[in-house]
Amino acid sequence: MKKLKLKKERLLPLTLTAFIVLLDQLTKALIVKNMPIYERPIYEHIDVFNNGFLWICHVRNKAIAFSLGNNLPEFLKPILFIIVPILVLAFLAWYYFSSDEFTKLQRWAVAGIIGGGVGNIIDRIFRPDGVVDFISVNIYGLFGWPRWPTFNVADSSVVICCIFLFVTIVFAKKNKTEEASNE
């Protein structure tokens, strides 16, 4: 088995992980302290720009993205929403430290994914009412929805960093293919 490598270039991106977890939990704590929980954000929200585009509201999600799995039996939810994500994050962290395949930019993306994942797992374990979501964006009817499903800092981090990781992997493969054809 390969020994885990703890070099500076592998440890430095973990500052992003810590920052995301801290920012995520701090913003959620502020929302919990200052806003009542509502089933639908339309009832109670702060309109950030006074134009309906960005709302701050307080809703809870007892499932995963887009409330998927909300109707699953209660005994399955801890397995699917806590244990499986912890195992996925543990594997990702192990691969992060043991693999030489990631570029520096990809390590930052993976660190952001881990930070977002940890932020939401903390809520799933310690907030019985569900993950705190508070950012609601108007998407003007895209996908037939008036607003994007409400999300939080952790969700944003996972989505943005996954997209970034995907793009860097695609371009890295494209560059390798072009280099191989030029030889």
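Residues satisfying the criterion are absent from the stretch 64-74 (criterion: assigned to a helix (DSSP H, G or I) and of a type in the set (D, E, K, R)). Listed conditions (1) surrounded by 14 or more Cβ atoms within 10 Å (Cβ to Cβ); (2) within 17 Å of the chain's Cα centre (by Cα) are all met by Thr168, apart from (2). When the stretch 26-47 is filtered for residues that are hydrophobic (A, V, I, L, M, F, W, C) and at pLDDT below 90, the ones remaining, listed by number, are Ile37, Ile42, Ile46.
Evaluating Val88 against the criteria (1) within 29 Å of Val32 (Cβ to Cβ); (2) at pLDDT below 90 leaves one unmet condition, (2). Taking the listed residues Ile122, Ile64, Ile82, the one that is on the phi < 0 side of the Ramachandran plot, touching a helix residue (DSSP H, G or I) at 6+ places or on another chain (Cβ under 7 Å) and either of a type in the set (S, T, N, Q) or at pLDDT 95 or above (or both) is Ile122, with no other qualifying. Can you find, within the stretch 110-138, the residue that is nearest to Ile20 (Cα to Cα) among those that are in a helix (DSSP H, G or I) and in contact with a strand residue (DSSP E or B) (Cβ under 7 Å, 6 or more places away or on another chain)? Here the answer is Asn120. Could you pull out the residue among Val84, Val110, Val137, Val131 that is of a type in the set (Val, Ile, Thr) and without any contact (Cβ under 8 Å) to a residue 60 or more places away in the chain? After applying the criteria, what remains is Val84. Evaluate the following for Val132: is it farther than 25 Å from Leu11 by Cβ and buried (at least 21 other Cβ atoms within 10 Å of the Cβ)? Criteria met by Val132.
The values are calculated or read from the model by the stated rules, or taken from the named source; none is laboratory data. Note that this is a predicted model, so its numbers are computed, not measured. Cβ sites come from the backbone with ideal geometry, for glycine too, and all protein chains shown count toward neighbours.
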